[in-house]
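Everything below concerns the one structure shown next.
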Amino acid sequence: MKKLLIIGVSGLTGNKLANISSQKFKVYGSYNTRSVVINNCEIFQLDKTDKEKIKYKIMEIKPNVIVDCSALHNVDYCETHQEEAWKVNVEAPMHIVTLCKDINTRFIYISTDYVFDGTDNNYNEESKTNPLNYYGTSKLRAEERISNAGISYAIARTSLVFGWNPSELKGLKSSSGKTMNFVIWALNKLREGESLRIVDDQYSTPTLADNLAEFLLSLANSNQDGIFHTVGSECINRYDFTLKIAEIFNIKRELVTPVSSSLFKQVAKRPMRCCLDVSKTRQTLKVKSLNVEESLLKMKEQEEELKNSPII
Ligand SMILES: NC(=O)c1ccc[n+]([C@@H]2O[C@H](COP(=O)([O-])OP(=O)(O)OC[C@H]3O[C@@H](n4cnc5c(N)ncnc54)[C@H](OP(=O)(O)O)[C@@H]3O)[C@@H](O)[C@H]2O)c1
């Protein structure tokens with residue numbers, strides 16, 4: 001059986017990928033600060049900026065494919081901690097790329113819609129990049145280097161990833177800088193009856209982590225190189241997205257009020273209209289992109305099952 005190494009298996013995306021990969025791969029996964037248990041996955045601790053340890057583990061496992069689901073992706077934190085963001089988002093993956101070259105391993109890197117400036121509403125893989133913040137810049141620099149490294153690779157650009165993650169449900173803060181994904185955050189607040197002011201002028205293509213994991217597994221099994229837009233199928237603003245969360249989970253929609261993003265002072269600039277076109281991915285990977293309603297309904301179905309899960 002081929003071997004798959006998932007870096008960041010304690011994260012939302014890594015966890016989902018590990019859970020669907022064991023039929024096709026012998027799965028190994030690393031966490032950094034939040035230890036996890038996943039069926040059929042051999043798990044170990046690894047800080048990906050520790051060059052010696054990462055070399056040792058990769059040479060020991062000799063995976064056929066590595067999917068890097070780890071990053072520093074708190075956008076405001078990256079803006080003020082650029083050296084650290086560079087180490088995690090660019091330097092560490094490039095060290096892994098060098099090792100991949102030595103042992104002929106395929107490398108899958110997850111990038112972001114924030115490589116674009118948000119002035120278009122339908123970016124495809126060929127569209128001109130122009131990141132507005134340091135997080136987007138770090139991801140783009142990694143994309144460029146990986147594409148030119150002479151290895152088998154895929155870059156999966158994604159956006160507003162959400163879903164249930166055992167580590168997040170335990171309230172543990174990830175070293176990625178994220179505590180909770182947007183849907184879980186909004187659900188918690190709305191269920192407590194809290195009113196939410198949500199921006200109605202920032203558009204993106206929200207992506208259920210389970211759907212992203214399907215794209216990544218398909219890329220892991222494929223030998224196609226290049227960039228792929230791996231997102232949900234619907235371009236929507238944050239306010240309408242939050243209304244949909246309330247609707248699907250039977251919460252009063254009146255708790256959600258639209259506001260302009262000029263109301264909030266954020267450290268890093270955000271692209272305003274940043275929706276990704278999934279045509280290439282649909283044709284090449286044969287994985288369906290879910291729309292917002294399909295994604296949230298799937299989350300609702302999973303909720304009871306996950307609450308009763310012994311690993312939460
Ligand atoms: N979330 C989004 O909305 C979004 C949007 C666009 C792109 N992306 C990209 O999608 C990917 C996955 O995001 P996600 O939301 O699934 O992430 P996540 O839930 O925040 O998990 C991040 C993972 O990275 C690990 N990590 C952080 N620093 C590390 C280090 N120095 N060494 C080793 N592991 C480290 C974390 O380990 P611990 O938990 O053990 O600390 C965790 O397993 C990332 O590349 C992110 O940039 C995410």
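The values are calculated or read from the model by the stated rules, or taken from the named source; none is laboratory data. Not measured: the values here are computed from a predicted model. As a convention, Cβ positions derive from the backbone with ideal geometry for all residues, glycine included, and neighbour counts pool all protein chains shown. We work out accessible area using only protein heavy atoms, side chains counted, and drop any ligands, DNA or RNA first. Shrake-Rupley method; radii C 1.70, N 1.55, O 1.52, S 1.80 Å.
Descriptive notes on the structure:
- Annotation: amide H-H contacts under 5 Å for Val9 (H modelled 1.01 Å from N, sequence separation of 5 or more, or interchain): Ser30, Tyr31.
- Cysteines without a disulfide-compatible partner [the chain; Cβ-Cβ under 4.7 Å]: Cys41, Cys69, Cys78, Cys100, Cys274
- Expected 222 nm ellipticity per residue - DSSP helices of 4 or more, -39500 (n - 2.57), all of the chain, to 500: -11000 deg cm²/dmol
- Exposure of Lys269 as accessible area (Å², to 10), given a probe of 1.4 Å and all protein chains: 140 Å²
- Charge dipole (debye, nearest 20) of the stretch 1-90; +1 at Cβ of Lys and Arg, -1 at Cβ of Asp and Glu: 620 debye
- What the phi angles of the stretch 120-134 give under the Karplus curve with 6.51, -1.76 and 1.60, with θ = phi - 60°, is a coupling list of 10, 10, 8, 7, 9, 5, 8, 4, 5, 8, 6, x, 9, 9, 5 Hz, glycine and proline written as x.
- Heavy atoms of Ser70: accessible area, 1.4 Å probe, square angstrom to 10: 30 Å²
- Accessible area of the stretch 1-95 divided out per residue, in Å², using a probe of 1.4 angstrom: 45 Å²
- Among the GluC sites (Glu not before Pro) in the stretch 129-227, those located in a DSSP loop and surrounded by at most 11 other Cβ atoms within 10 Å of their own Cβ are Glu192, Glu194.
- For the stretch 261-312 and the stretch 56-115, distance of Cα centres in Å: 22 Å
- For the stretch 37-179, pairs of C-alpha atoms spaced more than 26 angstrom apart make up 28 percent of the total.
- Over the chain: Rg over Rh, Cα atoms, Kirkwood Rh: 0.94
- Where N is the number of residues in the stretch 191-235, Cα Rg divided by 2.2 N^0.38 Å: 1.69
- The stretch 2-307, accessible surface, carbon-and-sulfur percent (1.4 angstrom probe): 45 percent
- Counting only protein chain heavy atoms and rolling a 1.4 Å probe, the accessible areas of Ser233, Ser218, Ser295 rank, largest first, as Ser233, Ser218, Ser295.
- Note that the stretch 57-67 has calculated 3J(HN,Hα) couplings of 5, 5, 5, 6, 7, 6, x, 6, 9, 10, 10 Hz, one per residue in order, obtained from phi through the Karplus relation 6.51 cos²θ - 1.76 cosθ + 1.60 (θ = phi - 60°); glycine and proline are x.
- The antiparallel fraction among DSSP beta bridges confined to the chain stands at about 5%.
- Karplus-derived HN-Hα couplings along the stretch 28-37 (A = 6.51, B = -1.76, C = 1.60, θ = phi - 60°), whole Hz, x at Gly and Pro: 10, x, 10, 10, 9, 10, 10, 6, 9, 10
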